[in-house]
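Presented below is the structure to which this report refers.
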Amino acid sequence: MNDVSLYDVDNPAPVIEPPRKRTKKTPKSTRTNFELYGWLFMRLSGVVLVVLVLGHLLIQLVLDGGVSKIGFAFVAGRWASPFWQGWDLCMLWLAMLHGANGLRTVINDYAQRDTTRFWLKMLLYTATVFTVLLGTLVIFTFDPNIA
Amino acid sequence: MSSPTLEKHSAALDAAENTASQMITATFRIRRFNPEVSEEASWQDFQLEIDPKERVLDALHKIKWDQDGTLTFRRSCAHGICGSDAMRINGKNRLACKTLIKDINPQKPITVEAIKGLTVLKDLVVDMEPFFQAYRDVMPFLITNGNEPTRERRQTAEDRERFDDTTKCILCAACTSSCPVFWNDGQYFGPAAIVNAHRFIFDSRDEGGEQRLEILNDKDGVWRCRTTFNCTDACPRGIEVTKAIQEVKRALITRRF
Ligand code: HEM
Ligand code: SF4
Ligand code: FES
């Protein structure tokens, strides 16, 4: 049985098509600048993040006794100042949007089926919105006088 | 004896022996696919005596003519002009007719397979239609307004120089099928379409640049390029493909701001 091919000239095997092939019906221009702004945002936020993230790591992990100094009191002390509140807020928003847009690119590059793409992005957007809102809430409502 | 005839004779003999000893035995490991036989693609080895100064295309010809007539591949000009025979040789996209065997280490088996990201129809032949669809979608022809001039459309040498690099494209698809973004998402225009849009966007005689920029500004346009430089490495015409894509990006940004 094994040497008998299932396929012949009149009945060829299915060819393997590449993912998301371009056809005549491939959607035409949406006429927005969304991808342009996304691309620019990655570069601009990246530049700002170099300062914010490296500064953050330096303060938290290197200076003044390193990571061992971090405790409730340390956080409470820093968030008493609007400067550090602003710093952390900027870092939270920029890093989250930068990271989320980066992962959106990764999903666009790797996910092949339309449904996979859709659900991965929904998961990503949900997680991003949740983290950004929760973080913002904590920065603004942090109360150093816990019972 | 030192008669000139004898010397000549031995020199000719030497030359003949030299040519004979320059032949080497090379193995070509070719990715075969024939949907009329099997749904699976598989590697097949062919051994042949060949002069290493010959090209991979010559080796494919020898195999097809002397060993296995079913081996299927495209070629037309055989001199790097028509763009028919782009294939993946030792893992890199090249034109078989421009690749010398001595340049790709014939000591080891030389792998030859179809370019990636397009449907393989048989052996090394792929369906180029999606590639040409992306090409058509950037409107690769002169667009002008107003009356036709009675003489030719003049252009300065500098204006011509501006897009000289991208006029060299032969539409072989080596660049597009070397792009990892295109492998996973065929909706991306791909480098070749952008190169051919660049050729008109930066042509001072053309007036459709705005339309083409708008097309490439979309979600499957230039912003999907991740600057991997695979396309520049692959191009057999030496076009700086990634640079051309970058120039289109820059034109879009300077147009907006
Ligand atoms: C430290 C300063 C940073 C700089 C200068 C920077 C810069 C960049 C740039 C320019 C891109 C775009 C790459 C492309 O389009 O091909 C990118 C992508 C990305 N970034 Fe950042 N970034 C920084 C920090 C971060 C942080 C803190 C995160 C995580 C929250 C992050 C997550 C990502 C992800 C997931 C991508 C997409 C991956 C990719 O494009 O290959 N980056 N980054
Ligand atoms: S840009 Fe170069 S690699 Fe790409 S299709 Fe044109 S000639 Fe081939
Ligand atoms: S056969 Fe024409 S480019 Fe190689």
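Here is a yes/no grid of residues against (1) surrounded by 15 or more Cβ atoms within 10 Å (Cβ to Cβ); (2) more than 14 Å from chain B (Cβ to nearest Cβ):
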| position | (1), (2) |
| --- | --- |
| A:VAL9 | no, no |
| A:LYS24 | no, no |
| A:SER29 | yes, no |
| A:GLU35 | yes, no |
| A:VAL48 | no, yes |
| A:GLN60 | yes, yes |
| A:MET91 | yes, yes |
When you look at B:ARG255, is it open to solvent by less than 50 Å² (accessible area, probe 1.4 Å), within 14 Å of chain A (Cβ to nearest Cβ) and in a helix (DSSP H, G or I), yes or no? no
Go over the candidates B:SER76, B:SER2, B:SER21 one by one and state the one that is more than 14 Å from chain A (Cβ to nearest Cβ) and at pLDDT 95 or above. B:SER76
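Which residues, taken from region B:175-193, are within 10 Å of chain A (Cβ to nearest Cβ), outside any helix (DSSP H, G or I) and either open to solvent by 10 Å² or more (accessible area, probe 1.4 Å) or at negative phi (or both)?
Narrowing region B:175-193 to residues within 10 Å of chain A (Cβ to nearest Cβ): B:177, B:180-190, B:193.
Within this subset, residues satisfying the condition of being outside any helix (DSSP H, G or I) are B:185-190.
Scanning region B:175-193 gives B:ASP185, B:GLY186, B:GLN187, B:TYR188, B:PHE189.
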Would you confirm whether any residue within region A:126-134 is at pLDDT 95 or above, under 30 Å from B:GLY186 (Cβ atoms) and open to solvent by 50 Å² or more (accessible area, probe 1.4 Å)? yes
Pairs with Cβ under 6 Å, 6+ apart, first in region B:143-172 and in contact (Cβ under 8 Å) with a residue 24 or more places away in the chain and within 16 Å of ligand 3 (Cβ to nearest atom), second part of a loop (DSSP other than H, G, I, E, B) and open to solvent by 70 Å² or more (accessible area, probe 1.4 Å): B:LYS168/B:ARG237
Scan region B:61-84 for residues that are open to solvent by 30 Å² or more (accessible area, probe 1.4 Å), in a helix (DSSP H, G or I) and touching a residue at least 12 places away in the same chain (Cβ under 8 Å) and report the count. 3
Any idea which of (1) at pLDDT below 95; (2) more than 19 Å from B:ARG250 (Cβ to Cβ) is the one B:PHE182 doesn't satisfy? (1)
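Does B:GLU161 satisfy the criteria of being open to solvent by 30 Å² or more (accessible area, probe 1.4 Å) and either under 23 Å from B:ASN230 (Cα atoms) or within 16 Å of ligand 1 (Cβ to nearest atom) (or both)?
Values: open to solvent by 30 Å² or more (accessible area, probe 1.4 Å): yes; either under 23 Å from B:ASN230 (Cα atoms) or within 16 Å of ligand 1 (Cβ to nearest atom) (or both): no.
It is false that B:GLU161 is open to solvent by 30 Å² or more (accessible area, probe 1.4 Å) and either under 23 Å from B:ASN230 (Cα atoms) or within 16 Å of ligand 1 (Cβ to nearest atom) (or both).
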Restricting region B:130-152 to residues that are open to solvent by 80 Å² or more (accessible area, probe 1.4 Å) and not hydrophobic (A, V, I, L, M, F, W, C), the one nearest to B:GLN187 (Cα to Cα) turns out to be B:ARG136
Can you find a residue that is within 16 Å of ligand 3 (Cβ to nearest atom) and among the basic types (Lys, Arg) anywhere in region B:67-85? yes
Consider B:ASP233 against the criteria (1) closer than 27 Å to B:THR99 by Cα; (2) buried (at least 21 other Cβ atoms within 10 Å of the Cβ); (3) more than 9 Å from chain A (Cβ to nearest Cβ); (4) touching a residue at least 60 places away in the same chain (Cβ under 8 Å): it satisfies all of them except one. Which criterion is unmet? (2)
Scan (1) touching a residue at least 12 places away in the same chain (Cβ under 8 Å); (2) assigned by TED's automatic domain parsing to the domain that holds B:ILE30 for the single condition B:GLN107 breaks and write down its number. (1)
One residue is enough: does region B:85-93 have a residue meeting the conditions more than 15 Å from B:VAL126 (Cα to Cα), in a loop (DSSP other than H, G, I, E, B), within 14 Å of ligand 2 (Cβ to nearest atom) and away from every other protein chain (no Cβ under 14 Å)? no
Out of A:ASN101, A:ASN108, A:ASN33, which single residue is away from ligand 2 (no atom under 16 Å from the Cβ), under 21 Å from the mean Cα position of the chain (by Cα) and touching a residue at least 60 places away in the same chain (Cβ under 8 Å)? A:ASN101
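The values are calculated or read from the model by the stated rules, or taken from the named source; none is laboratory data. Predicted model, so just to flag it, every value in this text is computed and none were measured. Because the Cβ atoms are built from the backbone with ideal geometry, glycine has one as well, and the counts that use them run over all protein chains shown. Ligands, DNA and RNA are stripped out before the accessible areas are found, and what is left, the full protein with its side chains, is counted by its heavy atoms. Shrake-Rupley method; radii C 1.70, N 1.55, O 1.52, S 1.80 Å.
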